[in-house]
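Below: the structure, in structure tokens.
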Amino acid sequence: MGDALLPGDLNAGDVIALPGVNGDLVVRAVRLGQGGFVLTASEPDVAPAADRIITLTAATRVSRRGKASDR
């Protein structure tokens with residue numbers, strides 16, 4: 001398991017694991033939205049057209065697996 005951190009500590013290019021989501025995700029963008037942090041993320045090696053929008057509360061713990069550039 002990677003480092004535990006909060007959504008506000010994420011940056012584009014981070015590879016993360018989220019509770020309830022199978023597999024790793026690459027963070028494409030992070031912004032503050034209504035109700036929490038809004039991540040644009042996708043599975044590694046998937047075209048940006050397959051990006052997912054995920055809203056996380058500030059209290060959600062995220063596991064960082066590394067950086068996309070490390071893969």
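Summed over segment 60-71, residues that are under 15 Å from D3 (Cα atoms) and in a loop (DSSP other than H, G, I, E, B) total 2. Reported count of residues in segment 10-49, each being in contact (Cβ under 8 Å) with a residue 40 or more places away in the chain and either over 10 Å from the mean Cα position of the chain (by Cα) or not in a strand (DSSP E or B) (or both), is 5. Return a yes/no flag: does segment 53-63 have any residue that is free of Cβ contacts under 8 Å to residues at least 24 places away in the same chain and touching a strand residue (DSSP E or B) at 6+ places or on another chain (Cβ under 8 Å). Yes, segment 53-63 has at least one match.
Annotation: of all residues in segment 50-59 being of a type outside the set (S, T, N, Q) and assigned to a loop (DSSP other than H, G, I, E, B), the one that is modelled with the highest pLDDT is D51.
The values are calculated or read from the model by the stated rules, or taken from the named source; none is laboratory data. Fair warning: this is a prediction, and the values are worked out from it, not measured in the lab. Methodologically, a virtual Cβ is constructed for each residue, glycine included, from the backbone with ideal geometry; neighbour enumeration extends over all protein chains shown.
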